[in-house]
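*Asks:* After the structure tokens below, expect a handful of questions from me.
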Amino acid sequence: MNYYQRDMELASREDMLAVQSERLERTVRRVYENVPYYRALMDEKGVKPADVKTPADLYKLPLLSKEDLRKAYPYGLLAVPRADAVRIQSTSGTTGKRVVAFYTQRDIDIWEECCARAIVAAGGSREDVVHVCYGYGLFTGGPGLNGGSHKVGSLTLPMSSGNTERQIQMMCDLSATILCCTPSYAAFLAESIIEQGVRDQISLKAGIFGAETWSEEMRRDLETRLGIKAYDIYGLTEISGPGVSFECSEQTGMHINEDHFIAEIIDPKSGDPLPEGSRGELVFSCISKEAFPLLRYRTRDICVLSREKCSCGRTLVKMSRVTGRSDDMLIVRGVNVFPSQIETVLLSCGYPPNYQIIVDRVNYSDTIEVQVEMTQETFSDTVKDMARQEGELVSALRSMLGISPKVTLVAPRSIARSEGKAVRVIDRRKF
Ligand code: DLL
């Protein structure tokens with residue numbers, strides 16, 4: 001088994017707690033002294049830096065949310081002099097105003113090391129050709145995996161997103177072995193590779209896919225179509241970017257780089273910490289960052305943490321697949337619906353991962369329609385046949401969701417493909 005930073009990835013619980021406590025104490029003191037916005041929040045809660053000595057004291061600190069980042073935009077949470085920061089990255093702003101994050105050179109090094117851990121866990125080494133088609137620029141996906149690949153010493157192909165034909169040509173010509181992109185773009189690439197008849201010209205062995213929710217069924221589909229092992233990778237701009245956690249060969253969740261980020265699970269409604277093993281909202285405290293060390297930052301992502309022994313040998317706590325964001329969970333006629341549940345049903349019924357969910361309100365009642373693309377094989381022009389297929393999908397979705405959506409089968413290739421994060425939900429309701 002290979003590791004990038006063995007001492008931390010395999011640390012005993014005791015050693016890890018010692019590292020975390022020392023770094024946490026130092027960070028809390030530093031933000032209290034250097035960030036007026038943070039000091040005001042702590043003063044309001046009546047907590048002093050001396051009250052926080054170990055991860056068990058974290059609950060005393062105030063929670064921080066995207067709203068705080070917006071209020072403090074752009075420089076209000078910067079914890080070093082502006083001259084010491086060397087990089088800005090930003091979220092895509094799909095859920096409102098952009099938020100920006102800052103990095104010192106040391107922050108970038110640590111972030112890239114986290115991505116390097118992910119690449120090594122996916123079987124990467126200096127012998128590999130790493131094809132990165134996450135976007136480069138303000139988005140963290142491209143720069144993060146690019147830097148991680150350099151740290152591993154792999155030959156790095158900085159493709160960025162878009163121009164699928166050129167992506168495939170370069171992938172074939174340069175014998176890329178590890179593909180890094182969103183799972184929805186990987187699905188589009190797989191579809192195009194098969195259509196172009198060049199499946200036997202690719203040398204991929206692994207994929208490192210993240211930045212959006214995807215299901216176990218989608219994993220199996222990508223693994224079969226591309227002939228690879230597909231690994232999940234998680235992260236968010238506010239905490240650094242990709243590599244906050246990463247999957248290993250066991251593929252049962254993502255190891256959190258907890259020597260840099262301490263994870264907690266809270267009740268998304270009350271904000272109270274939940275016991276280990278509960279499903280809830282993931283919260284991170286950055287304990288080694290210089291420029292932008294957010295403490296108790298609410299991710300809105302829903303998952304479960306587990307300390308079960310992992311066959312890869314890593315002792316880093318694992319987070320489950322993200323089942324959705326608390327803010328993109330749909331409430332349809334009072335029922336909670338996660339788009340990932342719909343994806344699971346569609347793929348297990350043999351449909352491709354090309355779908356769109358349209359929620360609306362008609363005569364004061366919520367409606368939900370799932371548009372599903374047919375494949376050339378399932379494409380049928382007899383009305384009776386289509387009605388039968390739609391009926392089967394409605395009943396499979398009803399038993400998963402507890403409500404009956406409308407299902408519409410649409411022609412192959414009629415749903416727009418994504419090059420980055422896929423837009424799966426269109427919510428037309430006005431609240
Ligand atoms: O998406 C960072 C990233 C880039 C992660 C490349 C992995 C690979 P943001 O644009 O700030 O950053 O979006 C962060 O994306 O809070 C999750 O809701 C979602 N997300 C990220 N990774 C995963 C994943 C990047 N593996 C938001 N599974 C996060 C599910 C994910 N959701």
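What follows is calculated from the coordinates using simple rules that are stated; it is not laboratory data. What you are looking at is a predicted structure, and each value in this text was computed from that prediction instead of being measured. Methodologically, a virtual Cβ is constructed for each residue, glycine included, from the backbone with ideal geometry; neighbour enumeration extends over all protein chains shown.
*Asks:* Using 7 Å Cα-to-Cβ label points, what is the S320/Y59 separation (nm, one decimal)?
*Replies:* 2.2
*Asks:* At a Förster radius of 25 Å, what calculated FRET efficiency corresponds to the Cβ-Cβ distance of K48 and R70, to the nearest 0.05? Don't jump to the answer; show the numbers that get you there.
*Replies:* Details: r = 27 Å, r/R0 = 1.07.
FRET efficiency, K48 to R70: 0.40.
*Asks:* To the nearest 10 degrees, how steep is helix 216-226 against the longest Cα principal axis of the chain, on a 0 to 90 scale?
*Replies:* 70
*Asks:* As an exercise, find the ratio Rg/Rh for segment 330-427 from alpha-carbon atoms, using the Kirkwood inverse-distance average for Rh. List each step's numbers first, then the result.
*Replies:* Details: Rg = 13.2 Å, Rh = 13.9 Å.
For segment 330-427, the value is 0.95.
*Asks:* In addition: Among the Cys residues of the chain, which have no other cysteine Cβ under 4.7 angstrom away?
*Replies:* By the Cβ distance rule, which asks for a partner under 4.7 Å, the isolated cysteines are C114, C115, C172, C180, C286, C303, C310, C349.
*Asks:* Express in nm, to one decimal, how much length is gained between R361 and S175 on full extension, taking 0.36 nm for each residue of separation and deducting their alpha carbon distance.
*Replies:* Working: separation 186, 0.36 × 186 = 66.96 nm, distance 4.97 nm.
Roughly 62.0 nm would be gained on extension.
*Asks:* Once you place label points 7 Å from the Cα toward the Cβ at R333 and K430, how far apart are they in nm?
*Replies:* 2.4
*Asks:* Whole percent per 10 Å bin, from 0 to the bin with the longest distance: what is P(r) over all C-alpha pairs of segment 73-211?
*Replies:* 12, 39, 30, 15, 4, 0
*Asks:* Turning to a different aspect of this structure: For K45, give me every one of the aspartates and glutamates with a C-alpha distance below 18 angstrom, ignoring sequence neighbours fewer than eight places off in its own chain.
*Replies:* The reachable aspartates and glutamates, counting only those whose Cα sits under 18 Å from K45, are E25, E33, D57, E67, D68, D272.
*Asks:* Equivalent ellipsoid semi-axes for the chain, as square roots of 5 times the alpha carbon gyration tensor eigenvalues: give them largest first, rounded to whole Å. If you can, show how the numbers build up before the last one.
*Replies:* Numbers: eigenvalues 271, 148, 73 Å².
So the three semi-axes of the chain are 37, 27, 19 Å.
*Asks:* Ok, one more. Of K229/K318; K53/K309; K60/K289; K71/K318, which sit over 23 Å apart, Cα to Cα? Mind dumping the intermediate values first?
*Replies:* Details: K229/K318 19 Å; K53/K309 27 Å; K60/K289 20 Å; K71/K318 32 Å.
Exceeds cut-off: K53/K309; K71/K318.
*Asks:* Tell me which of Q196, H255, L179 sits at the most positive position along the dipole axis of segment 131-271, charges placed on C-beta atoms (Lys, Arg +1; Asp, Glu -1).
*Replies:* It is Q196, whose Cα lies furthest towards the positive end.
*Asks:* While we're looking at this one, here's another question. What's the FRET efficiency of A396 with V198 using the Cβ-Cβ distance as r and R₀ = 35 Å, to the nearest 0.05?
*Replies:* Numbers: r = 34 Å, r/R0 = 0.96.
Here the calculated transfer efficiency is 0.55.
*Asks:* For every helix of n ≥ 4 consecutive DSSP H residues, a contribution of -39,500 (n - 2.57) applies; sum these over the chain, divide by its total residues, and give [θ] at 222 nm rounded to the nearest 500 deg cm²/dmol. All intermediate terms of the calculation are to be shown ahead of the outcome.
*Replies:* On the way: 11 runs with 134 residues, N = 431.
After summing the helix terms and dividing by residue count, I get -9500 deg cm²/dmol.
*Asks:* About the Cα centre of the chain, what is the dipole size in debye to 20, counting +1 per Lys and Arg Cβ and -1 per Asp and Glu Cβ, all else neutral? Working shown, then result.
*Replies:* Numbers: 54 positive and 58 negative charges, 197 e Å.
The calculation lands at about 940 debye.
*Asks:* Report the label-to-label distance for S348 and E250 in nanometres (one decimal), using points 7 Å from each Cα along the Cα→Cβ vector.
*Replies:* Result: 2.4 nm between the two label points.
*Asks:* Now for a separate question. Using the beta-carbon distance between D385 and D15 and R0 = 51 Å, what value does 1/(1 + (r/R0)^6) give for FRET efficiency, to the nearest 0.05? If you can, show how the numbers build up before the last one.
*Replies:* Values: r = 62 Å, r/R0 = 1.21.
Efficiency at R0 = 51 Å is approximately 0.25.
*Asks:* Please name whichever of I119, S404, V394 sits farthest to the positive end of the charge dipole of the chain, dipole taken about the Cα centre and charges placed at Cβ: Lys and Arg +1, Asp and Glu -1.
*Replies:* Result: S404, furthest along the dipole toward the positive end.
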